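Before any comments, here is the structure.
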Amino acid sequence: MKTALIISTYNWPEALDLVLKSLSQQSRFPDEVLIADDGSGDETRTLIAKFADHFKIPVKHIWQEDQGFRKSAVLNKAIVSSTADYIIQIDGDCIMHKHFIGDHLAGLKNETFLFGSRVNIKPGAVSEVLNKKKYEFSLFSKAIKNKTRNLRMPLFQQLYQESSEFSRKTRGCNLSYWRNDFLAINGYDETMEGWGREDSELVLRMLNSGIKGKRLRYGGILYHIYHPEKSKAHLEENDQIQELTIQQKKTWSKNGVDKYLNMYS
């Protein structure tokens, strides 16, 4: 089985640098790394190229022109470019615990996606974290909130079972799934532009298609670097798209990943 880590990013190289540093310290590595870049500038490009030159695992930088928040499109392009069987997905402002990838791979099951939560780095601690390039946080670190989410207990991870019900705890910044399950629902709906609901709508179509979700708790730990909220100008429109998915029990997006399938064949 081949695995890939996909990291979505946009114009925050200082945060991405820490994410990549945490990647280099993982107890278990993916087979490839996909960086889905929604139009970042040269500083991000240089950072990724430098990291790729020294990292022992293939790193692909998938870039698209900056035309506003189009995370759905760049994630579709990145996943099509991969030959991995299993995808682990995070955001470029989420530092990984050293066992993050190992926990996702230990918990995978057929016809199931995994979703985890995140530990939040306090707003007042962000400057210090970035300046000192901190990517490890103890349970008692003063830099973090939600300290119970920083508990890693592998035996307790097994207490959580897969479910056909949608969980509001689902986050696209801490998600993993089988690539074939992703392609079977035509990936992300690119009609959803701007921040909000693109990840939950994807998961709802997976659930509608018979794929179950399992919460990854006491493992799969991420540390989210605080930043001001993104514009919610498109949130109402995206809410309406998601509501149709719920009402009509949709399993397929008409504006999804299939348009790119010939790009990397």
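Check I144: other-chain or 5+ apart residues with amide H under 5 Å from its amide H, H built from backbone geometry?
The answer is K122.
Please report, to one decimal in angstroms, the Kirkwood hydrodynamic radius of the range 113-265 built from all distinct Cα-Cα pairs.
17.3
Give me the three principal axis extents of the range 1-131 from the C-alpha atoms, as integers in angstrom, largest value leading.
Principal-axis extents of the range 1-131 (Cα, largest first): 39, 32, 29 Å.
Sequence-distant or interchain residues sharing an amide H contact under 5 Å with F113, placed H: which?
K212, G213, K214
Residue by residue through the range 11-16, what is 3J(HN,Hα) from phi via Karplus (6.51 cos²θ - 1.76 cosθ + 1.60, θ = phi - 60°)? Round to whole Hz and write x for glycine and proline.
Coupling constants for the range 11-16: 6, 9, x, 4, 6, 4 Hz.
What residue among M206, M153, M192 shows peak mean-square fluctuation when the chain is described by a Gaussian network model with Cα springs under 10 Å?
M153
Which residue, I88, I48, I246, has the most motion in a Gaussian network model of the chain that connects Cα atoms within less than 10 Å?
I246
Determine the calculated [θ] at 222 nm for the chain from helices alone, applying -39500 (n - 2.57) to every DSSP H run no shorter than 4 residues and normalising by the residue count; nearest 500 deg cm²/dmol.
That comes out to -9000 deg cm²/dmol.
How do W252, W63 line up, fewest other C-beta atoms within 10 Å first?
Exposure proxy ranking, most exposed first: W252, W63.
Quick one: dipole size for the range 48-91, taken about the Cα centre, charges +1 on Lys/Arg Cβ and -1 on Asp/Glu Cβ, in debye to the nearest 20.
About 40 debye.
Find how many whole Å separate the alpha carbon centroid of the range 98-168 from the alpha carbon centroid of the range 176-221.
That distance is 18 Å.
With +1 on each Lys and Arg Cβ and -1 on each Asp and Glu Cβ, how big is the dipole of the chain about its Cα centre, in debye rounded to the nearest 20?
The dipole magnitude comes to about 1160 debye.
Can you work out the Karplus-derived ³J(HN,Hα) for every residue in the range 80-95? Use 6.51 cos²θ - 1.76 cosθ + 1.60 with θ = phi - 60°, whole Hz, and x for glycine or proline.
5, 6, 9, 10, 5, 7, 10, 10, 10, 10, 9, 9, x, 10, 10, 6
Applying a 10 Å radius around every beta-carbon, put 6-14, 179-187 in order of their mean neighbour count, most first. Kindly include the intermediate steps, with their values, before the conclusion.
Numbers: 6-14: 20.9, 179-187: 19.1.
For the peptides 6-14, 179-187, the packing ranking is 6-14, 179-187.
For each pair in K98/K132; K109/K259; K60/K214; K50/K214; K214/K259; K71/K134, compute the distance between the two Cα atoms and list the pairs where it is over 24 Å.
Checking Cα-Cα distances, K109/K259; K60/K214; K50/K214; K214/K259; K71/K134 exceed 24 Å.
Report, in whole Å, the centroid distance computed from the Cα atoms of the range 1-77 and the range 232-251.
The two parts, judged by their Cα centres, are 28 Å apart.
Could you give me the ³J(HN,Hα) list for the range 118-125, computed from phi with Karplus coefficients 6.51, -1.76, 1.60 and θ = phi - 60°, whole Hz, x at Gly and Pro?
Once θ is set to phi - 60°, the couplings for the range 118-125 become 9, 8, 8, 7, 5, x, x, 9 Hz.
So what does log10 I(q)/I(0) come out to for the range 3-260 at q = 0.08, 0.09, 0.10, 0.17 Å⁻¹, using the Debye formula with one equal point on every Cα and no solvent?
Rounded to two decimals, the profile gives -0.29, -0.36, -0.46, -1.45.
Hey, can you grab everything whose amide H is under 5 Å from the amide H of L34? Only 5+ residues off in sequence or another chain; H modelled, so Pro and N-termini drop out.
It is L5, I6, I7, K60, by chain and number.
Go ahead and set up a Gaussian network model of the chain, Cα springs under 10 Å, then flag whichever of T46, T112, T251 fluctuates most.
Maximum fluctuation in the GNM of the chain, among the listed residues, is at T46.
With unit charges on the beta carbon (Lys/Arg positive, Asp/Glu negative), name the residue among F51, T83, M1 whose Cα is farthest towards the positive pole of the charge dipole of the chain.
Working it through, the farthest residue towards the positive pole turns out to be M1.
Work out the length of the dipole vector of the range 25-125 about its Cα centre, built from +1 on the beta-carbon of each Lys and Arg and -1 on the beta-carbon of each Asp and Glu, and round it to the nearest 20 debye.
With Lys and Arg at +1 and Asp and Glu at -1, about 300 debye.
Bear in mind these aren't lab numbers, they're just calculated from the coordinates by the rules spelled out. Keep in mind that what you see is a predicted model, and the values were worked out from it rather than measured. With ideal geometry, Cβ positions are generated from the backbone for all residues, glycine too; neighbour counts draw on all protein chains shown.
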